[in-house]
Amino acid sequence: MSKPLDGKTALVTGGGGPAMGSAHCRALAAKGAHVIVQDLREDHAAAVVADIHGHGGSAEAMAGDITKLDDFLLSLTEVISSTGGIDILVNHAGISGLSTPFEQIDQDFFDRMMNVHVKGSFFITQAVVPEMKAKGYGKIVNVASEFCLYGSPSASHYTAAKSALLGLTKSWARELAPFGIRVNAVAPSLMESELTRASVGDAFLKAEAAAAPFGRLALPDEVAGVVAFLAGAESDFISGQTISPNGGHTIVGI
């Protein structure tokens, strides 16, 4: 029985993450895509690949540090050549804001935040787009944050980096539309993960869950479901948009 993403190759950066990253990979594999699980931590990527294989899916691991961009892009070129091109790109790799007050953010931390979220995503996307143009097809999903919608009181550098992804989403959507490439963003609310727990602590997460309309935080699979939707044919007339799976935490519009 055929699946919606049969014959498609997806690259998920930061795909070895135990929360959202791995959920994105599993969701895309479940729809039939061959998933390239990229992560700085080779063992994490390998574990996600093994899990996908155990459920009958197709995947391979790609280790690499996107802050060492020249080396990373060389490896990515080899992957593009061996797979025939990336059809779906999920720019998910990221680091935590660590609840750092504005005055305490030094240049090194600011640069790392921008290098991982913005520079890495920019040049990885630049590398995969030529094959997408040649095919007349591509889906790019940038993973941002709900913080972009209302600001964060203790992670302005993180919010700025994620907000830059929303600007890139809009610009790329316009520039690449003539080539059949759709570009969208997902801006999830906080969820329980190693990154958020290290950043804000359990007490903050519990308070956020209690204040949320549904009385809980987002689940990784709920965010991954939106990513998989944007990667599929059902979203072919959606581009340049930001979807925020936040359980009504941030309600905008009329």
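The values are calculated or read from the model by the stated rules, or taken from the named source; none is laboratory data. This structure is a prediction, so every number in the text was calculated from the model and none was measured. Positions of Cβ are backbone-derived with ideal geometry, glycine not excepted, and every protein chain shown enters the neighbour counts.
Is it the case that some residue within segment 103-114 is surrounded by 15 or more Cβ atoms within 10 Å (Cβ to Cβ) and of a type in the set (S, T, N, Q)? Checked segment 103-114: no residue is surrounded by 15 or more Cβ atoms within 10 Å (Cβ to Cβ) and of a type in the set (S, T, N, Q). Restricting attention to segment 210-254, the residues that are modelled with pLDDT under 95, part of a loop (DSSP other than H, G, I, E, B) and either surrounded by 11 or more Cβ atoms within 10 Å (Cβ to Cβ) or not β-branched (Val, Ile, Thr) (or both) total 16. What's the total number of residues in segment 20-73 that are in contact (Cβ under 8 Å) with a residue 60 or more places away in the chain and of a type in the set (Ser, Thr, Tyr)? Residues flagged as in contact (Cβ under 8 Å) with a residue 60 or more places away in the chain and of a type in the set (Ser, Thr, Tyr) within segment 20-73 amount to 1. Can you give me the number of residues within segment 48-87 that are within 20 Å of LYS119 (Cα to Cα), part of a loop (DSSP other than H, G, I, E, B) and not hydrophobic (A, V, I, L, M, F, W, C)? The total comes to 4.
If you go through segment 37-47 and keep only what is buried (at least 16 other Cβ atoms within 10 Å of the Cβ) and part of a helix (DSSP H, G or I), you end up with HIS44, ALA45, ALA46, ALA47.
Conditions tested, residue by residue: (1) buried (at least 23 other Cβ atoms within 10 Å of the Cβ); (2) among the aliphatic types (A, V, I, L, M); (3) farther than 30 Å from GLY84 by Cβ.
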{"site": "GLY136", "(1), (2), (3)": "no, no, no"}
{"site": "VAL141", "(1), (2), (3)": "yes, yes, no"}
{"site": "LEU149", "(1), (2), (3)": "no, yes, yes"}
{"site": "PRO153", "(1), (2), (3)": "no, no, yes"}
{"site": "ALA164", "(1), (2), (3)": "no, yes, yes"}
{"site": "SER171", "(1), (2), (3)": "no, no, no"}
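Of all residues in segment 160-175, how many are of a type outside the set (Gly, Ala, Ser) and either over 13 Å from the mean Cα position of the chain (by Cα) or not in a helix (DSSP H, G or I) (or both)? Walk me through how you get there before you give the answer.
Let us first name the residues in segment 160-175 that are of a type outside the set (Gly, Ala, Ser), namely 162, 165-166, 168-170, 172, 174-175.
After this cut, where a residue has to be either over 13 Å from the mean Cα position of the chain (by Cα) or not in a helix (DSSP H, G or I) (or both) as well, the list is 168, 170, 172, 174-175.
So the answer is 5.
You will find that of GLY7, GLY16, GLY21, GLY32, the residue that is in a loop (DSSP other than H, G, I, E, B) and over 20 Å from SER235 (Cβ atoms) is GLY16 and no other.
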